[in-house]
Amino acid sequence: MINRSDNLSDRTRRLIKLCNDRLADAVDLQLQCKHAFWNTTALELRKLFDEVNKSVGVYTDRIAERVVEIGGVANSTERVVPTWSHLLCAPDALCRNHASTLATTLGSFAELAHQAIDISIEVSDFSSADMFTEIAEGVDNWHQKLVEV
């Protein structure tokens, strides 16, 4: 049996790992959006959390599709499942300060997306850099909205 990854360059393997790492983060972020939505009764906040969740879902799909485009397999389950219990135990989540918790998480994800832009440019993958730039801009906008809540 031929292992598909054996035929990939080190550069491509690095890009696949980068995208899969951000994919796991995006899935994790999406689960946090749902957690906030499920545990909030204020209608305006629920609407906001749902909008953020939908946007993050688009980002998740884009990253997964990019992994496949560059020759990898989109995989996020190994990292997301073990983090689930940590998501529920975050201090802000227990205090029901979901806007603050989600704003913090969005800020962290935006920082990782900006790092992914730099790494993509470093290895001359401008398609991934463009994708991460769009994602970072969207996440930065959502982060700002939640900080203002």
Filter region 63-110 down to the residues that are open to solvent by 60 Å² or more (accessible area, probe 1.4 Å) and at pLDDT 95 or above and list them by number. E65, V68, E69
Which pairs do you get when a residue that is of a type outside the set (D, E), found in region 112-140, comes within reach of a residue that is modelled with pLDDT of 95 or more and not in a helix (DSSP H, G or I), reach meaning Cβ atoms under 9 angstrom, with the pair 6+ apart or on two chains? I119/D125; S127/I70; S128/I70
Looking at region 112-149 only, could you name the residues that are over 18 Å from K54 (Cβ atoms) and not in a helix (DSSP H, G or I)? V123, S124, D125, E148
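Considering L23, L8, L43, which residue is in contact (Cβ under 8 Å) with a residue 60 or more places away in the chain and among the hydrophobic types (A, V, I, L, M, F, W, C)?
Working: L23 fails: in contact (Cβ under 8 Å) with a residue 60 or more places away in the chain; L43 fails: in contact (Cβ under 8 Å) with a residue 60 or more places away in the chain.
Testing whether each residue is in contact (Cβ under 8 Å) with a residue 60 or more places away in the chain and among the hydrophobic types (A, V, I, L, M, F, W, C) leaves just L8.
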Between K54, K34, which is without any contact (Cβ under 8 Å) to a residue 12 or more places away in the chain, open to solvent by 40 Å² or more (accessible area, probe 1.4 Å) and closer than 24 Å to F132 by Cβ? K54
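The values are calculated or read from the model by the stated rules, or taken from the named source; none is laboratory data. Since the model is a prediction, treat every value here as computed from it, not as a measurement. Ideal geometry is used to build each Cβ from the backbone, glycine not excepted, and the neighbour counts take in all protein chains shown. Note: accessible area is taken over every heavy atom of the protein model, side chains too, but ligands, DNA and RNA are not part of it. Shrake-Rupley method; radii C 1.70, N 1.55, O 1.52, S 1.80 Å.
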